[in-house]
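One structure below.
The values are calculated or read from the model by the stated rules, or taken from the named source; none is laboratory data. This one's a predicted model, so the numbers in the text were calculated from it and none came from an experiment. For neighbour counting, all protein chains shown are included, and Cβ atoms are generated from backbone atoms with ideal geometry for every residue, glycine included.
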């Protein structure tokens, strides 16, 4: 996510990140890459959370609080090609 989108609405950020992750999953989704694709999603969530926390000087929420928010959900990777 580029720095010029930092102050966008979280729903908009989620849509953009989900679209980018879906493209990444479709390109790299082989049967032996599922664990790495999960790591990519977790790292994306971690950096997105860091960007959201740096927007405000208010109290920091716990990870569980962020995961409960409906706009914080990113798509899970799906293995698309089992035969390669």
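A few notes on this one:
- The single condition among (1) at pLDDT 85 or above; (2) surrounded by 11 or more Cβ atoms within 10 Å (Cβ to Cβ) that residue 35 does not meet is (2).
- In region 52-84, the residue that is modelled with the lowest pLDDT out of those that are in contact with a helix residue (DSSP H, G or I) (Cβ under 8 Å, 6 or more places away or on another chain) and not in a loop (DSSP other than H, G, I, E, B) is 81.
- Within region 21-39, the set of residues being in contact with a strand residue (DSSP E or B) (Cβ under 7 Å, 6 or more places away or on another chain) and under 12 Å from residue 76 (Cα atoms) comprises just one member, 29.
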